[in-house]
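FYI, it's all coordinate maths here, none of it is from the lab. Bear in mind that the values here come from a model prediction, so they are computed numbers and not experimental data. Note that each Cβ is placed from the backbone with ideal geometry, even for glycine, and that neighbours are counted across all protein chains shown.
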Amino acid sequence: MKFDIAIWPLWDWCLDLLSDVKLAHLFTWQAQRKYKYNVTTAKWVRFFDEPWTGNPWWEIQVRTLFEVLIIQFNYDTVITDKTSEKQKSFLHHPLCR
């Protein structure tokens, strides 16, 4: 018994989806933290309903953003050498080491 199957490389499919202007506005590009108000406890409670609302996605985005800021800061410091005292003290932050 033989079966014909059609395959489409996953990477090509992803690129096609991302390059489609009709779909681009439907993608979620940023991590999100969602909260709802619990009336009985009078507190905001975080909830997860999509992959981009989870902690790993959030941590990756925060870490990547921080690394970009450090790279930009170092570039500005080396190229222009117009670093204020406030910016210099930022380099002593534990995350910058």
Counting only residues in the range 19-50 that are surrounded by fewer than 10 Cβ atoms within 10 Å (Cβ to Cβ) and of a type in the set (S, T, N, Q), the one farthest from Arg63 (Cα to Cα) is identified as Thr40
Which of the residues belonging to the range 7-55 are outside any loop (DSSP other than H, G, I, E, B), within 26 Å of Leu65 (Cα to Cα) and of a type in the set (A, V, I, L, M)? Leu15, Leu17, Leu18, Ala24, Leu26, Val45
